1. Select from segment 291-337 the residues that are in a loop (DSSP other than H, G, I, E, B) and among the aliphatic types (A, V, I, L, M) and write down the one among them that is most open to solvent (accessible area, probe 1.4 Å).
2. For residue 245, all conditions in the list (1) under 19 Å from the mean Cα position of the chain (by Cα); (2) surrounded by fewer than 19 Cβ atoms within 10 Å (Cβ to Cβ); (3) within 23 Å of residue 166 (Cβ to Cβ) hold save one; what is the number of the exception?
3. Let me spell it out: the conditions are (1) surrounded by 20 or more Cβ atoms within 10 Å (Cβ to Cβ); (2) within 25 Å of residue 339 (Cα to Cα), and residue 221 meets all of them except one. Which number is the exception?
4. Of the conditions (1) at pLDDT 95 or above; (2) surrounded by 15 or more Cβ atoms within 10 Å (Cβ to Cβ); (3) not acidic (Asp, Glu), residue 147 fails just one. Which one is it?
5. Name the one entry in 282, 293 that is in contact with a helix residue (DSSP H, G or I) (Cβ under 6 Å, 6 or more places away or on another chain) and hydrophobic (A, V, I, L, M, F, W, C).
6. Cβ-Cβ distance below 9 Å, separation of 6 or more or different chains: which pairs start in segment 72-95 with a residue that is under 16 Å from residue 153 (Cβ atoms) and end on one that is of a type in the set (D, E, K, R) and buried (at least 22 other Cβ atoms within 10 Å of the Cβ)?
7. Which pairs do you get when a residue that is assigned to a strand (DSSP E or B), found in segment 177-192, comes within reach of a residue that is modelled with pLDDT under 95, reach meaning Cβ atoms under 6 angstrom, with the pair 6+ apart or on two chains?
8. Out of segment 251-270, which residues are in contact with a strand residue (DSSP E or B) (Cβ under 7 Å, 6 or more places away or on another chain) and part of a loop (DSSP other than H, G, I, E, B)?
Amino acid sequence: LFRKEWKVLDNTQRAEMLAGKVVSSNAAGFTHMCMSCIEGSEECAEKKIIKDPKPDGITYATAEAKKTCEDDCMGWIPLSHSNAICSCWIDCSLGLTKDHYQKDVLANYMKERRVLLTPEDGEAADKCLAVGASPSKIYRGDKPGARMRWEQEFSPNFALTFWWKPDMEPTMGSFAKEGVKTLLYKGMNESAAGVPGMPDLKMVMIRVDASGSDKFLKVTVAGNEVSVPADKCKSLGEDAFTFVAVTKRDSSIAIWCGKEGDAEAKKAHNFDLGDAEYTTSLNQVIAVGGIKLPAENIAGGWMGRVNYYGVDKWDPTNSFKLWDEQVPKRFAVGPPTDCPG
């Protein structure tokens with residue numbers, strides 16, 4: 001097993017291992033693979049970490065090397081929250097460069113915590129949603145494997161990203177009647193009294209205010225509602241796809257906007273939650289068009305490439321970028337291609 005591992009190392013990695021910086025790295029199973037100790041310590045025997053006849057577990061030459069790997073591999077997140085952390089420890093212990101293993105751990109973590117709600121394959125109606133009902137589509141948090149993305153312990157921060165294009169038909173389209181139109185909602189699907197619908201306190205709600213000639217976003221997080229200046233997201237009222245993202249990092253909320261064909265999406269507005277508490281659970285849903293709203297309050301048009309991320313509390317040192325790295329990637333994919341027109 002060690003010989004297989006050795007074959008994939010480059011000359012620098014082999015030199016570092018031979019120099020004693022790292023003594024061994026491997027495992028018979030993923031749980032034991034993540035166990036580590038300092039060479040020669042009693043801890044190695046207690047954890048049954050061995051080097052011979054084949055390595056089983058991670059053996060560091062020094063306590064400093066162990067601490068460096070643990071700190072560098074998103075050290076503020078508990079190991080139980082992500083398989084990506086253990087993989088990073090192994091990469092670090094093998095002598096890969098810091099830039100390499102930190103880039104990989106972030107990418108692998110985000111793969112675990114992101115879900116594309118509208119599929120890339122399948123029926124066109126699933127890839128490009130007609131936002132004509134309330135809800136037009138509902139995604140539940142209690143799906144198998146969703147725990148890390150929806151439970152409060154694992155995902156107090158979030159991002160929602162999507163592309164939306166209004167229906168410009170003058171008599172029945174998105175703006176045929178004035179009003180505030182709901183695009184997307186995340187939260188419980190019943191009131192505190194158990195009545196089906198949305199509770200008074202909205203965890204996340206994204207709407208378009210079409211009460212006047214200027215169309216602008218209204219965004220609610222944890223009951224706090226803000227309006228985004230119309231000139232920061234002009235394409236909402238145009239016959240074009242607009243990219244919208246709402247992100248949360250601790251108490252800081254950012255709203256992003258971009259138009260199809262633009263070079264990039266930009267932060268259109270920021271606000272702070274203050275003492276307001278955002279909560280999430282497996283009992284929540286994400287509903288396109290909201291829940292049980294009258295026709296005049298449904299956005300209409302078409303929506304696609306809807307992404308949801310649920311992530312841990314984030315890096316207090318800010319050495320790992322969060323939404324400044326992830327949101328541009330979602331914009332770069334572009335709008336859906338299976339929509340009318």
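1. Taking segment 291-337 first, the residues in a loop (DSSP other than H, G, I, E, B) are 291-294, 299-301, 312-322, 334-337.
Those left that are additionally among the aliphatic types (A, V, I, L, M): 291, 293, 299, 322.
Values: 291: 16, 293: 47, 299: 1, 322: 5 Å².
Step by step, filter segment 291-337, then rank; the result is 293.
2. (2)
3. (2)
4. (1)
5. The conditions single out 282.
6. What qualifies is 82/113.
7. Cβ pairs passing all conditions: 190/196.
8. Result: 251, 264, 265.
The values are calculated or read from the model by the stated rules, or taken from the named source; none is laboratory data. These numbers come from a predicted model, not from an experiment. Here the Cβ is made from the backbone with ideal geometry for all residues, glycine too, and neighbour counts use every protein chain on show. Heavy atoms of the whole protein, side chains included, go into the accessibility calculation; ligands, DNA and RNA do not. Shrake-Rupley method; radii C 1.70, N 1.55, O 1.52, S 1.80 Å.
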